[in-house]
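A short write-up of the structure that comes next.
The values are calculated or read from the model by the stated rules, or taken from the named source; none is laboratory data. Note that the coordinates shown come from a computational prediction; the quantities given were computed from them, not determined experimentally. Methodologically, a virtual Cβ is constructed for each residue, glycine included, from the backbone with ideal geometry; neighbour enumeration extends over all protein chains shown. With ligands, DNA and RNA removed, areas are computed over all heavy atoms of the protein, side chains included. Shrake-Rupley method; radii C 1.70, N 1.55, O 1.52, S 1.80 Å.
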Amino acid sequence: MEPLSRFFHRRSEKALADAPLQASIARATGKFLGARAEAVAAFPGFEAARDEGSRIKRETLDRLDVHLARFIAEAEKRGAVVHVARDGAEACEIAARVAKEEGVALAVKSKSMLAEEIGLNEALQSAGVDVVEADLGEYLVQLAGEPPSHILAPAVHMARERVARLFEKKLGEPYTDRIPDLIGIARRRLREKFLAAGMGITGANFLCADTGSVVLVTNEGNGRMGTILPRVHLVVAGIEKVIPRLADLPVLLRLLTRSATGQSISSYVSVLTGGRRPEDPEGPERLHVILVDNGRTGILQGKYRDILKCIRCGACLNVCPVYQSVGGHAYGWVYSGPMGSVLTPLFAGLAEGAPLANASTLCGACADVCPVKIPLPELLLELRADEREQGLKDPAEVLGMKGYAALMGRAGILEALERFIGVISQVLFKDGKTPWLPFRFSGWTDRRDFPAPSPQPFRKLWKKQRGIHP
Amino acid sequence: MTPADRKEELIRRIAVALRGRDGANPAPAFKEDREGTSGEADRIARFREMLESEGGNYLAGPSLDPMLPALGEALRLSGVAALFFPPGDDGARLVAETLVPFGPFTLVSLDEVRRPFAPPSAGIQTAEFAIAETGTIVQTGREGKTLLPGLLADVHVALLSPAVFVDRMEECLDALSGDPPRNISFITGPSRTGDIEQTIVIGAHGPKKLIAVLLP
């Protein structure tokens, strides 16, 4: 998927003007937030679990070479075939080769953000493999030919009527907008695919180094179908998904499911280890795992290491006032919300992704809910600083900021200026509002009320309130 | 580059990325904050509460016979026509066979269930663990066990005995992590989705109903 994050502002404006989209986003984020809050309140150990989860993920990243080597060794010992890919193109090449060697024509796929990141579907399809998305939301967006708009609920932007028309048009099903009937249609259609597919493709929520196990968490059961019925299971996972021990899994699950959907556990958690054994009556004959770097070692090296702790729960999306306003598509690439605003510039480059890092009030709500305590606002600030250092900022903005800094460092001039503006404002600005500002500042006045400057400078008010008399 | 070289090269690249950073802090010892383990009756009560809050059903009785009419009716109401159980699971076979007249149901094989357009079925299987914390049933592929009853059936009937209850997932993983079976499945309630308008609908891909049956 070609990133379009540089057009964030234009895409946001479109999203803000789209009333049905606004309603869908509000409904989804509201439900997710409510469910999360309830689940967290009902689990007194949540804060302790956050500390523990954060520590486990950070500890793993700090020795990722050791843990990843162990994962590879243990997985291979138990019969998995492990591949490594330096970038997305290489990962796609390996996946296409696996499909060809295994003689696969039809694959069922469970939701994977990494697969979106590397464009796996397109690659496999152009290699002649029919890939059917099996997560219901992903199935909907695949039928509609759209990218997912939320990492948990990919079709969050689609109302039931749209789904009904989509099934009518693409599947030839009679129109119904009863949600259970729509789900029933998808269940029936996808069950046929599960039984016929030669390969199941999944991501991984976690990779356990000590046992070489792949962990998958789903509610629908698509992850289980695709990893038990087809004769080949292909896993694509980022190298940061490793955790040291299978014993670390429970605490991370407690965090993940509560943060994601407000459940104490998802309906299905599968721990998959190695290939089929002689005594197994079913299950894939072969398990292939493609470990994908695609820029992750670069992130590991620098000051953004903490973003690789992300367990993709989506809590930061739901709580973010920016995501709540514009939804996932406005971000222009695979990852949205605060985690996406950090990941996109790192993966796609600052020239592409910097608008996302700048589109934040740094309110900190994301850091408050992050189950593994990623300091998201700090990382966004770092990205802005990098943008400046790399000379990507608008020179006028840099100049303006320099002037502002100089002014703030000179108390006398600042106060004189404040008094001057105060006097003028009483003459020019009525209703306590600034009517307009010139270009570059007009965003402050075009669509919102910008208060008129105070007649009295702040410093004077401050002194007065504190009882300090000059 | 051979595949082995490529793996080594990735590990080396990561090691280089980590070098000289604040990465090499020795990790503090792993601490577990396990709550005290509880008694059997308490575990079963908490399991039931969690299972039911996740949309699962629970049946218990002094013996199998008095439970059969209720179980049969629950299956009939779910539209079940056929029953299947894994070969070698004697408990499940007994339940399935004695349940036949309460439908009436037919007994089908695993192969029949795998076919497209199989009749609506209930898969009956003895569960390996039941986790009180989350109301979770655990099935594994250990010793050649099948996972199809909890996968392809319309109704999943999990048979439990008091001995399979544990407090937390940790205990279950402890017991399995030495040589983990190919598949460990933690199953909590029926299959569900919220993908259309965040409205929860039961029965996305997996069973539409999960019935846990506690046998003495």
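Bridgeable lysines around A:K402 (alpha carbons under 17 Å apart, same-chain partners fewer than 8 residues away excluded): A:K393.
With +1 on the Cβ of every Lys and Arg and -1 on the Cβ of every Asp and Glu, and nothing else charged, how large is the dipole of the protein assembly as shown about its Cα centre, in debye rounded to the nearest 20?
Working: 84 positive and 85 negative charges, 473 e Å.
Taking the Cα centre of the protein assembly as shown as origin, the dipole is about 2280 debye.
Given an 8 Å cut-off on Cα distances and at least 6 residues of separation, report the relative contact order of segment B:38-214 as a percent. This gives 27 percent for segment B:38-214.
Of chain A, which part is the longest with no GluC sites (Glu not before Pro) in a loop (DSSP not H, G, I, E, B) and with at most 15 other C-beta atoms within 10 angstrom? Display every interim value, and only then the final one.
Numbers: sites that count: A:E279, A:E285.
The segment A:1-278 is the longest one with no such site.
Partnerless cysteines in the protein assembly as shown, where a partner means another cysteine C-beta under 4.7 angstrom, comprise A:C92, A:C208, A:C310, A:C313, A:C320, A:C363, A:C370, B:C172.
For B:T136, nonlocal amide neighbours, meaning residues 5 or more places apart or on other chains whose placed amide H falls under 5 Å from its own, are B:I131. The amide H of A:L152, built 1.01 Å from its N in the peptide plane, has no neighbour under 5 Å, considering only residues 5 or more places off or on other chains.
Model label sites at A:E122 and A:I424, defined 7 Å from Cα along the beta-carbon direction, differ in position by 5.1 nm.
Taking amide H as placed 1.01 Å from N in the peptide plane, A:K109 has its amide H under 5 Å from the amide H of A:V132, A:E133, A:A134, A:I201, each at least 5 places away in sequence or on another chain.
Only bridges with both residues in the protein assembly as shown count here: give the DSSP antiparallel percent, nearest 5.
Taking every DSSP beta bridge within the protein assembly as shown, about 35 percent pair in antiparallel fashion.
For the pair segment B:70-89 and segment B:193-211, the centres of their Cα atoms are 20 angstrom apart. Using just its DSSP H runs of length 4 or more, each adding -39500 (n - 2.57), chain A gives a mean residue ellipticity at 222 nm of -16000 deg cm²/dmol after division by all residues. Shown is the FRET efficiency for B:R6 and A:Q456, computed with R0 = 60 Å from the Cβ-Cβ distance and rounded to the nearest 0.05: 0.30. Distance between the C-alpha centres of segment A:354-394 and segment A:84-127: 32 Å, rounded to the whole angstrom.
Run the numbers for A:R440 and A:L33: contour at 0.36 nm per residue of separation, minus the present Cα-Cα distance, in nm. Intermediate results must be reported in sequence, preceding the final value.
Details: separation 407, 0.36 × 407 = 146.52 nm, distance 3.54 nm.
Once the chain is fully extended between A:R440 and A:L33, it gains 143.0 nm.
Show that you can apply the helix-only estimate: for chain B, add -39,500 (n - 2.57) for every DSSP H stretch of four or more residues, divide by all residues, and state [θ] at 222 nm to the nearest 500. The partial results should precede the final answer.
On the way: 6 runs with 63 residues, N = 216.
Value at 222 nm, helices only, nearest 500: -8500 deg cm²/dmol.
Among B:E133, B:E112, B:E49, the largest mean-square fluctuation in a Gaussian network model of chain B, built with springs joining Cα atoms closer than 10 Å, belongs to B:E112. Read phi for every residue in segment A:234-246 and hand back ³J(HN,Hα) as whole Hz from Karplus 6.51 cos²θ - 1.76 cosθ + 1.60, θ = phi - 60°, with x for Gly and Pro. Listing the rounded values in order: 10, 10, 10, 9, x, 5, 7, 7, 5, 10, x, 10, 4 Hz. Length available on full extension from A:K100 to A:D394: 0.36 nm per residue minus the Cα-Cα distance, which gives 101.0 nm.
Karplus-based coupling profile of segment A:179-190, in residue order and whole Hz: 4, x, 5, 5, 5, x, 4, 5, 4, 5, 4, 7, with θ = phi - 60° in 6.51 cos²θ - 1.76 cosθ + 1.60 and x standing for Gly or Pro. Annotation: B:T126 carries an accessible surface of approximately 50 Å², with a 1.4 Å probe and no ligand, DNA or RNA atoms counted.
Per-residue 3J(HN,Hα) values for segment A:250-259, derived from phi via the Karplus relation 6.51 cos²θ - 1.76 cosθ + 1.60 with θ = phi - 60°, read x, 5, 5, 5, 4, 6, 4, 6, 5, 6 Hz in sequence order (x marks Gly and Pro).
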